[in-house]
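Beneath this line is the structure, given in structure tokens, with notes to follow.
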């Protein structure tokens, strides 16, 4: 079967990569960024390609992309399929590479971002003359002081071409682009984050060490545009079916409400005293979200006091803790959804509690469940019909994967990463989806759930926006 011609926006992206040593494809999620990479690799006659991608898509996505979009006999070596240890994976890639060279076949190694932190892995990767190095979901390199972004920058110095792919290059702020462009081409913004921040950010707050605004945005855009291909939305024709969002509101059980109110009151008091910022407020916000999902993290030796201070100390303790289920409202809402349809369903959540809730709800609804998280990867089982429900921990399965088997998606919680949330939406509503999609957002009434959803809708920075909403 002949390979179909690329869509016009894909053709433009392929040409953009061909014409540059370094390029950044900022295409909306589901626009076919991986197809553009494969076609560009073919058209530039690349013989050795390195793909760096989130762990969840190393083996499940990229090998299929090369077999789908290329007629060349690519030898694809997905590291996560070659062994459990880094040593075994590096050894497996070496063997695959040598066989490809012997057969004069094009070779592609696919690794996850964590492997960039391995000296053994990077030592071997630097011995290979890669014609093309690709960073899938490049926003993972946004930390200017992170070891991963620094390792990536070292790796690209000898590459023939470098391509970055992302639908959300600035998931939190314009500051996110510095480390990505340091890896892509340091001549754009230089190598000093301090200098970059001084030029493009406005500093304030305590000792003028906090970013309070941004400046010279037009200049920043002009510098990025030399390498970044970012077509207007109306140029990307995906012909996707309708997607609608519905909110299901539940009430916390009495004990959960009492615990939640204690945490909320304490947080509001701390904000009023100026003790809370985006960093130290996150722990409290997470505890509040866990309560909304039905889980309280408490000390085993619970204080006898029943005042708010005792409850907060109990909930925020760090030693000798246990987890107690205090509310089943979201579980019951999920049971109702599962019992109302016999179609495949995807459930997103950020906590292990959300996974437990989904498994228990599926059992009570008499249906099967598969898991995609940091501890399990049953994606292929679900895709092949081995389970009706797929529960996905949003940090592990929001990026790069295709979940179009389902048209029903449920959010038990979303977390505080706008980029991951937007990515997760596009796992179900993307090319390949032929039916209208419904997203169910399960919220506990008058809680942080409602605040987070409002902030997500405005696409603000999550933690700061939620703290503002709580205040």
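Name every residue in the range 117-154 that is part of a helix (DSSP H, G or I), within 16 Å of residue 165 (Cβ to Cβ) and in contact (Cβ under 8 Å) with a residue 40 or more places away in the chain, in order of residue number.
Those that are part of a helix (DSSP H, G or I), within 16 Å of residue 165 (Cβ to Cβ) and in contact (Cβ under 8 Å) with a residue 40 or more places away in the chain: 138, 139, 140, 141, 152.
Determine which member of the set 12, 53, 48 is more than 24 Å from the chain's Cα centre (by Cα) and crowded, with 20+ Cβ neighbours inside 10 Å.
Selected residue: 48, the only one of 12, 53, 48 that is more than 24 Å from the chain's Cα centre (by Cα) and crowded, with 20+ Cβ neighbours inside 10 Å.
Is it true that residue 157 is assigned to a helix (DSSP H, G or I), over 20 Å from residue 45 (Cβ atoms) and over 24 Å from the mean Cα position of the chain (by Cα)? Can you show your working first?
Values: assigned to a helix (DSSP H, G or I): yes; over 20 Å from residue 45 (Cβ atoms): yes; over 24 Å from the mean Cα position of the chain (by Cα): yes.
Yes; evaluated as a whole, the condition is true for this residue.
Which numbered condition in (1) modelled with pLDDT under 90; (2) part of a loop (DSSP other than H, G, I, E, B); (3) more than 24 Å from the chain's Cα centre (by Cα) is the only one that residue 191 fails?
Going through (1) modelled with pLDDT under 90; (2) part of a loop (DSSP other than H, G, I, E, B); (3) more than 24 Å from the chain's Cα centre (by Cα) one by one, residue 191 breaks only (1).
Filter the range 47-63 down to the residues that are without any contact (Cβ under 8 Å) to a residue 60 or more places away in the chain and under 12 Å from residue 400 (Cβ atoms) and list them by number. Reasoning before the result, please.
Of the residues in the range 47-63, the ones without any contact (Cβ under 8 Å) to a residue 60 or more places away in the chain are 58-59, 63.
Listed by number, the residues that qualify are 58, 59.
Taking residue 375 as the residue in question, decide whether it is assigned to a helix (DSSP H, G or I), farther than 28 Å from residue 173 by Cβ, modelled with pLDDT of 80 or more and not assigned by TED's automatic domain parsing to the domain that holds residue 114. Reasoning before the result, please.
Numbers: assigned to a helix (DSSP H, G or I): no; farther than 28 Å from residue 173 by Cβ: yes; modelled with pLDDT of 80 or more: yes; not assigned by TED's automatic domain parsing to the domain that holds residue 114: yes.
So residue 375 fails the test.
Restricted to the range 335-366, and to residues that are surrounded by 16 or more Cβ atoms within 10 Å (Cβ to Cβ) and in a loop (DSSP other than H, G, I, E, B), which residue is modelled with the highest pLDDT?
Among those that are surrounded by 16 or more Cβ atoms within 10 Å (Cβ to Cβ) and in a loop (DSSP other than H, G, I, E, B), it is 344.
Working only within the range 173-209, note down all residues that are out of contact with any helix residue (DSSP H, G or I) (no Cβ under 6 Å at 6 or more places or on another chain), touching a residue at least 40 places away in the same chain (Cβ under 8 Å) and within 18 Å of residue 135 (Cβ to Cβ).
Within the range 173-209, 177, 181, 184, 185 qualify.
Could you please let me know if residue 70 is more than 20 Å from residue 106 (Cβ to Cβ) and in the same structural domain as residue 161 (by TED's automatic domain parsing)?
Values: more than 20 Å from residue 106 (Cβ to Cβ): no; in the same structural domain as residue 161 (by TED's automatic domain parsing): yes.
Taking the combined requirement at face value, the residue does not satisfy it.
Would you point out which residue out of 223, 199 is in the same structural domain as residue 36 (by TED's automatic domain parsing), assigned to a helix (DSSP H, G or I), modelled with pLDDT of 90 or more and under 29 Å from residue 7 (Cβ atoms)?
Among 223, 199, only 223 is in the same structural domain as residue 36 (by TED's automatic domain parsing), assigned to a helix (DSSP H, G or I), modelled with pLDDT of 90 or more and under 29 Å from residue 7 (Cβ atoms).
Among the residues of the range 389-416, how many are more than 8 Å from the chain's Cα centre (by Cα) and either part of a helix (DSSP H, G or I) or over 18 Å from residue 344 (Cα atoms) (or both)?
Final tally of qualifying residues: 5.
The values are calculated or read from the model by the stated rules, or taken from the named source; none is laboratory data. Worth saying up front: this structure is predicted, and the values here are computed from it rather than measured. Backbone-built Cβ (ideal geometry, glycine too); neighbour counts: all protein chains shown.
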